[in-house]
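The values are calculated or read from the model by the stated rules, or taken from the named source; none is laboratory data. Fair warning: this is a prediction, and the values are worked out from it, not measured in the lab. No Cβ is skipped: glycine too gets one built from the backbone with ideal geometry, and neighbour counts run over all protein chains shown.
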Amino acid sequence: MLKQLTVMVALTTAANVGMGTKEGQRIKRQAVDATRSAAATYEVHLMARELHRAQINDRVPSRWDFGRFIEEEFHSYEPDRELSLDPWGHPYRLEATGEHYVVACDGPDGLAYSDDDIEAKVPIRDFLYR
């Protein structure tokens, strides 16, 4: 579904400007990235919610098992897509910062800890019940 939406938005936007022009190509890239960013934001927050639920059941994955956790929890959403990868094809990240788990996407540039990262924080349960 994400692919179809991305293509539809990009083609519609670029067609309005003229797909073959440099301006059309630039607008197409912006539309694709905006659509992917929206999808990644939704997915990161969905993963954070599931991670919060996993804490309640003492099933928090390690950062090494996070990809498997995502695939198991979300396979029914889009069975034909590898859900442990963000819309740009990079793996989602899970980190613990002390008081929070951080579910993150590296964004369009694919670089961790840059300005375009998309993150959601989940309080670590031990800090919730002090």
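Determine the pairs where a residue that is closer than 9 Å to residue 107 by Cα, located within segment 28-40, has a partner that is surrounded by fewer than 19 Cβ atoms within 10 Å (Cβ to Cβ) and of a type outside the set (Gly, Ala, Ser) with Cβ atoms under 7 Å apart, the partner being 6 or more residues away or on another chain.
36/88
Using the structure shown, decide if residue 124 is touching a Gly at 6+ places or on another chain (Cβ under 9 Å), at pLDDT 95 or above and not acidic (Asp, Glu). Talk me through it step by step, then tell me what you get.
Details: touching a Gly at 6+ places or on another chain (Cβ under 9 Å): yes; at pLDDT 95 or above: no; not acidic (Asp, Glu): yes.
Answer is no for this residue.
Can you spot a residue in segment 81-96 that is in a helix (DSSP H, G or I), small (Gly, Ala, Ser), touching an Asp or Glu at 6+ places or on another chain (Cβ under 9 Å) and modelled with pLDDT under 90? It would help to see each step written out before you state the result.
Step one: of segment 81-96, the residues in a helix (DSSP H, G or I) are none.
No, segment 81-96 has no match at all.
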